[in-house]
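Below is one structure, written out as structure tokens; the observations come after it.
The values are calculated or read from the model by the stated rules, or taken from the named source; none is laboratory data. This one's a predicted model, so the numbers in the text were calculated from it and none came from an experiment. Methodologically, a virtual Cβ is constructed for each residue, glycine included, from the backbone with ideal geometry; neighbour enumeration extends over all protein chains shown. What goes into the accessible areas is simple: the full protein's heavy atoms, side chains included, and nothing from ligands, DNA or RNA. Shrake-Rupley method; radii C 1.70, N 1.55, O 1.52, S 1.80 Å.
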Amino acid sequence: MTNLSRVFDLSNLRRAYRWTMSNPDAAYKAYFRDSYDAFAIASDTHLKWIRAEGIRDRYEVAHASKVLVPKPSGVLRPITLLKVEDQIVYQAIVNVISEELKRQTKQRYEKRVFAHLYAGKSSKFFNIKWQRSYKKFANRLRDCHSRGFDHIANFDLASFYDSIDHHVLVHFLKELKIDEETIEYLMLCLRKWTSSTWSNGPANIYHEHGIPQGPLPSGMLSEAVLQHLDKAGEQGGRRTIYLRYVDDIKILAKTEKDLRAKLIKLDIASKEIGLFPQTSKINIRKVNDPEDEIKSVSRPPEPSLVPFVNQKKLTARILELCRRGRVSASSSTRFKYLLANVTPSHRLNARLIKVLHSHPEYAPQIASYISRYTKVPAGLAAEIKTYLDDQELYHSVLATVLDACLGRLPPPYDHDIGKAAADRLLRPKPGALPLQPTYKASLIACALSSGNLTHAEYDGLVAAETDWWIKKRSVNVLGPDIYGVPSYEAFLNLRMREDGSEVARICAARLVEGSHKLASPYGTVETTAKHILRAAKIIRVVGAPDSRIPEIIAYVLDRKRTVFDWKALFGTGHKHAERMMIMLKRDREANIEKFLVHLDSWCDLLLSEIYKRHKPRKTYPNYGSALKDPVLTALLPAAIPALDALHAVRLESSVAHPRSLKTGKPTRRLKHHDFYKIRKQLILAFDEIEHVVVP
């Protein structure tokens, strides 16, 4: 049993689910509307399952999917997409941290700090509403200016979320008295969620820094680190005033000298924790009007919207703000606000595509504008096709535009763009960049809806896909009318039997909604998909979850997964063997020496079960002696030497013994090459054991 009792407490998980659903960030939630709908069918059953898996040390988070969104500067911001259950677990961990953090920082709420303010357990929302906090931030700034604090400087941190060092985060969580097991579990989660893949290969690169951008809990988690700057900002008496909204810090003073002194103090404090300010944004200035420091679309009033919306004036105003296809930084907020209120017009169409070339960061707003058309005009469709055919710079932008056009393009543009999407998927040009998740999913949707993918091509793309978000989005766009009901039902039944919970749940929800047939037997259906089927009274019982041993052996040895019945082999000892294997997987990613030592221990446990079957009246000796047993060496001529080689490596480890039992020399730290030298032998060993030993 785990000590993560507070994290996996059912009331905490229910609270985490409530706050995940009430997240005010509509843009992030848009990635998961279908996932949330499927989860909601049996939400409390899922939460109880998460609790049971967590308490038994079986719950393991999945790798994240990443969307790279352009900033105004042209560089990319990574948005981290987590599976629904991982979002809930992340929220549950940060719930525990939030309680402790609020006790130490509550005195700063809406006085010096104005964002990511914990609302408390009984609140419908995780944070105090940002509108209220930002209004108080603006009022505080006005009040300070009226008292003569008219010298202002911004102190903005560079790539803040991506730069947070995990060791620094651990330091501050320990200061908050968070228990070590919760901290360790969070670090394992962050390590997986912040990992990325090579641009030219599938292998994950693991970092020791960063927190996921996008999920709601990350804001509160960042506060654990930012409080270090808050303490530095508070020092210095009444000669300066420190205000912070997220990581946007404003320092106010009556003189430039006092302002510079505080900036130096903050610079030192940030460097102490491995963070660095954006020097280009530290702008010391004397401010005459505090409203210039407050982002607002209400000053000056917009004549095209007051007292009522005048579409002719509104169109003219948008055209004025984006002359020559460019929008000034000072007009950015107003441009987005006005674009959200305008009715699509031929006067705006070409200009907005021109803006998209210069400002890819406005893609969500321009895509929203396009989607207001029931049918996209031919002129705009031609502009969109030209834009899509241009160089692939920003995949997330292309995805957003494709999604806005789905089902709205007139002929021949619907077929032509769909054909180009299919070609990009199936026949990419040499040297083309790997497709980022949202773009690949949108290409599949576009090619599928336009009739440019055969059933075999579509099924092959989905079956071969390793990114769970792409797969679940690709499943979501398929309907029974595209390839026929029998093919659709067969597809749903097949995908419900995959490992990925997100995809399986959506397929189960689709099966229930469409009253489709469940293929027998249903025992191999993914567990959380069974929860949905049971909630819909399609099946009676969910049954015990499958063993995780085959999956983990396949992962740690990089071999094909098999269907060997490890539950039958270990019998009543299966839970213990499975828990050891789960720890093995974690060690494989984090500590190779611990992994090799623990793998040797697991193989000892495995051999003891085999020994019982073939020498039932004998007592199992120590592992070293068992490896020399003539009955076992005859039974497993390939496996025994492989296990013996692993055991010899273990005996060289300083984790196992201070001195070698054979030579008496000091032991050493094991390295990755120690594992790679025996990996092929171990694969053959497990192949032989599964072939020879009857479970």
Some residue of segment 67-75 being open to solvent by less than 40 Å² (accessible area, probe 1.4 Å), closer than 26 Å to residue 363 by Cα, among the basic types (Lys, Arg) and under 24 Å from the mean Cα position of the chain (by Cα)
no
Evaluate segment 51-59: report whether one residue or more is of a type in the set (Lys, Arg) and assigned to a helix (DSSP H, G or I).
yes
Does residue 433 fit the bill of being in contact (Cβ under 8 Å) with a residue 60 or more places away in the chain and of a type in the set (A, V, I, L, M)?
yes
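In the list 38, 30, which residue meets the criterion of being among the small types (Gly, Ala, Ser), assigned to a helix (DSSP H, G or I) and out of contact with any Lys or Arg (no Cβ under 7 Å at 6 or more places or on another chain)?
Just a single option satisfies the conditions, and that option is 30.
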Determine whether segment 209-224 contains at least one residue that is in a strand (DSSP E or B) and open to solvent by 50 Å² or more (accessible area, probe 1.4 Å).
yes
Condition first: in contact with a helix residue (DSSP H, G or I) (Cβ under 9 Å, 6 or more places away or on another chain), outside any helix (DSSP H, G or I) and surrounded by 11 or more Cβ atoms within 10 Å (Cβ to Cβ). Now tell me which residues in segment 666-695 satisfy that.
667, 669, 670, 671, 693, 695
Does segment 121-161 hold any residues that are aliphatic (A, V, I, L, M) and either in contact with a Leu (Cβ under 7 Å, 6 or more places away or on another chain) or open to solvent by 30 Å² or more (accessible area, probe 1.4 Å) (or both), and which are they?
128, 141, 152, 153, 157, 158
Could you please tell me which pairs satisfy a Cβ distance under 7 Å, a separation of 6+ or placement on different chains, a first residue in segment 119-132 that is closer than 17 Å to residue 101 by Cα, and a second residue that is surrounded by 15 or more Cβ atoms within 10 Å (Cβ to Cβ) and of a type in the set (Val, Ile, Thr)?
119/128
Among (1) modelled with pLDDT of 95 or more; (2) farther than 29 Å from residue 55 by Cα - the single one residue 126 does not satisfy:
(2)
Of the residues that sit in segment 483-516 and are touching a residue at least 12 places away in the same chain (Cβ under 8 Å) and farther than 23 Å from residue 45 by Cα, which one is surrounded by the fewest Cβ atoms within 10 Å (Cβ to Cβ)?
485
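What helices (runs of 4 or more DSSP H) completely inside segment 459-533 contain at least 1 residues that are more than 25 Å from the chain's Cα centre (by Cα)?
Output list reads 480-483, 485-495, 501-513.
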State all residues of segment 537-572 that are loosely packed, with under 13 Cβ neighbours inside 10 Å, small (Gly, Ala, Ser) and either touching an Asp or Glu at 6+ places or on another chain (Cβ under 9 Å) or in a helix (DSSP H, G or I) (or both); if no residue qualifies, say none.
568, 571
Take the residues of segment 1-32 that are surrounded by fewer than 17 Cβ atoms within 10 Å (Cβ to Cβ) and among the polar types (S, T, N, Q): which is modelled with the lowest pLDDT?
2
Taking the criterion of being β-branched (Val, Ile, Thr), at pLDDT 95 or above and in contact with a Ser or Thr (Cβ under 9 Å, 6 or more places away or on another chain), would at least one residue in segment 378-401 satisfy it?
yes
Only one of 487, 515 is assigned by the TED database to the domain that holds residue 466 and farther than 23 Å from residue 453 by Cβ, namely 515
For a quick check of your reading of the model, give me the residue pairs whose first member lies in segment 139-151 and is farther than 17 Å from residue 114 by Cβ, whose second is open to solvent by 70 Å² or more (accessible area, probe 1.4 Å) and of a type outside the set (Phe, Trp, Tyr), with beta-carbon atoms closer than 7 Å and at least 6 apart or on different chains.
148/254; 150/286; 151/254; 151/256; 151/286
With the first residue restricted to segment 280-300 and required to be at pLDDT 80 or above, and the second required to be in a loop (DSSP other than H, G, I, E, B), Cβ contacts under 7 Å at 6 or more apart or on different chains are 286/150; 287/150; 291/299; 293/287
One residue is enough: does segment 577-587 have a residue meeting the conditions under 26 Å from the mean Cα position of the chain (by Cα), at pLDDT 95 or above and closer than 30 Å to residue 40 by Cα?
no
Just give me the residues in segment 301-318 being at pLDDT 80 or above and open to solvent by less than 30 Å² (accessible area, probe 1.4 Å), in sequence order.
314, 315, 318
Log entry, pairs with first residue in segment 377-393 being not assigned by the TED database to the domain that holds residue 68 and open to solvent by less than 60 Å² (accessible area, probe 1.4 Å), second being assigned to a helix (DSSP H, G or I) and among the charged types (D, E, K, R), beta carbons closer than 7 Å, six or more apart or on different chains, reads 385/416
Residues to consider are 445, 441, 464; find the one that is assigned by the TED database to the domain that holds residue 392 and out of contact with any helix residue (DSSP H, G or I) (no Cβ under 9 Å at 6 or more places or on another chain).
464
How many residues, within segment 371-394, are more than 31 Å from the chain's Cα centre (by Cα), closer than 22 Å to residue 436 by Cα and polar (S, T, N, Q)?
1
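The rows are residues; the columns are (1) small (Gly, Ala, Ser); (2) under 30 Å from residue 464 (Cα atoms).
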site: 129; (1), (2): no, no
site: 144; (1), (2): no, no
site: 172; (1), (2): no, no
site: 184; (1), (2): no, no
site: 207; (1), (2): no, yes
site: 211; (1), (2): no, yes
site: 222; (1), (2): yes, no
Does at least one position in segment 651-665 carry a residue that is outside the structural domain of residue 62 (by the TED database), at pLDDT 95 or above and assigned to a loop (DSSP other than H, G, I, E, B)?
no
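A quick yes/no check of all residues on (1) without any contact (Cβ under 8 Å) to a residue 24 or more places away in the chain; (2) among the small types (Gly, Ala, Ser); (3) within 16 Å of residue 557 (Cα to Cα):
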residue: 616; (1), (2), (3): yes, no, no
residue: 630; (1), (2), (3): yes, no, no
residue: 646; (1), (2), (3): no, no, yes
residue: 651; (1), (2), (3): yes, no, no
residue: 656; (1), (2), (3): no, yes, no
residue: 670; (1), (2), (3): no, no, no
residue: 674; (1), (2), (3): no, no, yes
residue: 682; (1), (2), (3): no, no, yes
residue: 693; (1), (2), (3): no, no, no
Among (1) out of contact with any Pro (no Cβ under 7 Å at 6 or more places or on another chain); (2) open to solvent by 50 Å² or more (accessible area, probe 1.4 Å); (3) assigned to a loop (DSSP other than H, G, I, E, B), which single condition is residue 344 missing?
(2)
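If only one of 97, 79 is aliphatic (A, V, I, L, M) and either free of Cβ contacts under 8 Å to residues at least 40 places away in the same chain or in a strand (DSSP E or B) (or both), which one is it? Walk me through it before giving the result.
Working: 97 fails: either free of Cβ contacts under 8 Å to residues at least 40 places away in the same chain or in a strand (DSSP E or B) (or both).
Just a single option satisfies the conditions, and that option is 79.
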